[in-house]
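Please treat every number below as a calculation from the coordinates, not as lab data. Only a predicted model underlies this, so the values are computations on that prediction, with no experimental measurement involved. With ideal geometry, Cβ positions are generated from the backbone for all residues, glycine too; neighbour counts draw on all protein chains shown.
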Amino acid sequence: MNLIYQYWDGNWNESIPNSVKEMKAYAKRIGADYIFDKNPKVLKNHFKTDIGVGDYWTHYSCLRPVFDRSFDKYEKTLYVDLDIFPVDGLTENIFDDFHGEIGICTEPEQPRLRRKTACHRVNHENDEKYAKMCKDVFGVDLPRNRYGIDVFNCGLEMFSREGRIKARKLFNHPKEYFNALSSIEGGINPWYYCDQPYFTLMMFLHDFDVQLLDNGWNSYVHYYRAKGDEHRTLCDWRDANTKFVHCQFLKSIIDSKALWKIVNLPKESWNLHE
């Protein structure tokens, strides 16, 4: 049996039931179990630590299926962020073609965009600080492309049973990672304390069999603003191969009709102010 896992840590958000409804229905269509977990607080309850900056501690609860042995009954587990939604009526089984220890999608356009973004949090300069720390402290050369380090989206991560057990044994305590970040000369934005940079480092530090999943499972839409430009652009990376839509540009999706439009229709047809 396979499992799709989602969770929420912190104050309740009214958009949550939309994602739970859609992902739970998808799990049923493909014959997988579904678990929604409220306030697992894995960084605090399991690792007995905190980051001390922002609310990024909440991100580490995606690791509950790794460190909670009750999940070992599942052959494969999939963690999915609550801002990811299946397209209407999707029946293609995401578990069918996965044969690695960890399955994850890249964000192929992110390295290029991060070179010219106006965002002070996640950008090429901070990526390079992070990559240098991974090399200097842990001896890991992160994979690269012509624009910078590869970006792996941990909003969707899959494990085999063997991969979970291996991660449970080998993943470094997050506090070790936090301490390494705090040693970076000049500091680094707190976003790099969240789960995605940590998880990326762990994958390559411990030589996991990482299977890159079809990016149709992580077709994302988001706002982007370049340096020197006062206007934001809505980037829509969906295509004919889209299966899951990662709505990164919305903090809250409460209206189910608007959500359906965003996931399933061309952006010209959204008319979200109607």
Residues (of a type in the set (A, V, I, L, M) and under 28 Å from CYS247 (Cβ atoms)) located in segment 132-180: LEU142, ILE149, VAL151, LEU156, MET158, ALA167
Every residue from segment 166-179 that is in contact (Cβ under 8 Å) with a residue 12 or more places away in the chain and either over 16 Å from LEU205 (Cα atoms) or not aliphatic (A, V, I, L, M) (or both): LYS166, ARG168, PHE171, ASN172, HIS173, PRO174, LYS175, TYR177, PHE178
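Quick one: would you say SER182 is free of Cβ contacts under 8 Å to residues at least 24 places away in the same chain, polar (S, T, N, Q) and within 30 Å of TRP8 (Cβ to Cβ)?
Numbers: free of Cβ contacts under 8 Å to residues at least 24 places away in the same chain: yes; polar (S, T, N, Q): yes; within 30 Å of TRP8 (Cβ to Cβ): yes.
Against the criterion (free of Cβ contacts under 8 Å to residues at least 24 places away in the same chain, polar (S, T, N, Q) and within 30 Å of TRP8 (Cβ to Cβ)), SER182 qualifies.
Here's the yes/no breakdown for (1) touching a residue at least 24 places away in the same chain (Cβ under 8 Å); (2) part of a strand (DSSP E or B); (3) surrounded by 14 or more Cβ atoms within 10 Å (Cβ to Cβ):
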| position | (1), (2), (3) |
| --- | --- |
| ILE4 | yes, yes, yes |
| GLY10 | yes, no, no |
| TYR26 | yes, no, yes |
| ASP37 | yes, yes, yes |
| PHE47 | yes, no, yes |
| HIS59 | yes, no, yes |
| LEU63 | yes, no, yes |
| LEU82 | yes, no, yes |
| ASN93 | yes, no, yes |
Test: residue in segment 45-54 that is among the small types (Gly, Ala, Ser), closer than 23 Å to LYS21 by Cα and touching a helix residue (DSSP H, G or I) at 6+ places or on another chain (Cβ under 6 Å): no
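Within segment 192-213, can you find the residues that are of a type in the set (A, V, I, L, M, F, W, C) and either over 13 Å from the mean Cα position of the chain (by Cα) or not in a helix (DSSP H, G or I) (or both)?
Within segment 192-213, CYS194, LEU201, MET202, MET203, PHE204, LEU205, PHE208, VAL210, LEU212, LEU213 meet the criteria.
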Residue list for segment 98-128, restricted to those being without any contact (Cβ under 8 Å) to a residue 60 or more places away in the chain and either outside any helix (DSSP H, G or I) or out of contact with any Lys or Arg (no Cβ under 7 Å at 6 or more places or on another chain) (or both): GLN110, PRO111, ARG112, ARG114, ARG115, ASN123, GLU125, GLU128
Condition met for ARG168 (touching a Pro at 6+ places or on another chain (Cβ under 8 Å) and not aromatic (Phe, Trp, Tyr)): no
Every residue from segment 216-247 that is crowded, with 18+ Cβ neighbours inside 10 Å and either within 13 Å of the chain's Cα centre (by Cα) or without any contact (Cβ under 8 Å) to a residue 12 or more places away in the chain (or both): TRP217, ASN218, SER219, TYR220, PHE244, VAL245, HIS246, CYS247
